[in-house]
Amino acid sequence: MTAMQQGGVIVLGYDGSDGADAALEEVIAIARAFGDRVLVTFGYGAIPAGGETQDQELAVEQLGQTAGAAAVARLRGAAIEAELVLVHGRPSESLIEVAAERGARLIAVGSRGEGPVLGSILGSVTYKLVHRSSIPVLVCPVRP
């Protein structure tokens with residue numbers, strides 16, 4: 001990794017999963033070392049129809065709010081400047097968009113350990129980030 005300047009921005013894709021928690025721990029170490037601030041980001045897909053599907057979208061948004069707020073609290077407890085960013089859009093695209101808009105040096109996400117076949121079927125956010133982002137992507141596995 002090349003030398004990083006002090007006081008940058010890290011975008012953390014966070015959904016409250018074990019993989020996201022692994023990424024959060026790595027981001028805490030990096031942010032402490034370089035004086036970075038962290039944008040805890042949660043992208044959730046748009047569901048065009050109303051009714052029950054709209055209720056599902058609101059529930060997913062609430063999940064992002066709750067999980068993201070917990071990550072922000074953890075970062076602030078570690079004396080790291082943090083902000084929650086909820087984005088109405090596909091997760092991988094949302095992370096790339098926020099990183100570009102805010103001049104991030106790094107996007108960090110967790111990995112659930114899906115293989116390439118399962119990941120392609122499920123639409124792996126990590127896979128899409130690694131292949132589409134022009135900003136470095138840190139992928140953190142869940143540790144046993």
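No lab work stands behind these numbers, since they all come straight from the coordinates. Note that the coordinates shown come from a computational prediction; the quantities given were computed from them, not determined experimentally. Reconstructed Cβ throughout: ideal geometry from the backbone, glycine too, with neighbour counts over all protein chains shown.
Selection among Tyr14, Cys140, Ala31 by position relative to the dipole of segment 9-141 gives Ala31 as farthest towards the positive end (Cβ unit charges, Cα centre). Computed from label points 7 Å out along Cα-Cβ, the spacing between Val130 and Ala78 is 2.3 nm.
Distance between the modelled labels on Ala33 and Gln62, one decimal in nanometres: 4.0 nm (7 Å Cα→Cβ projection).
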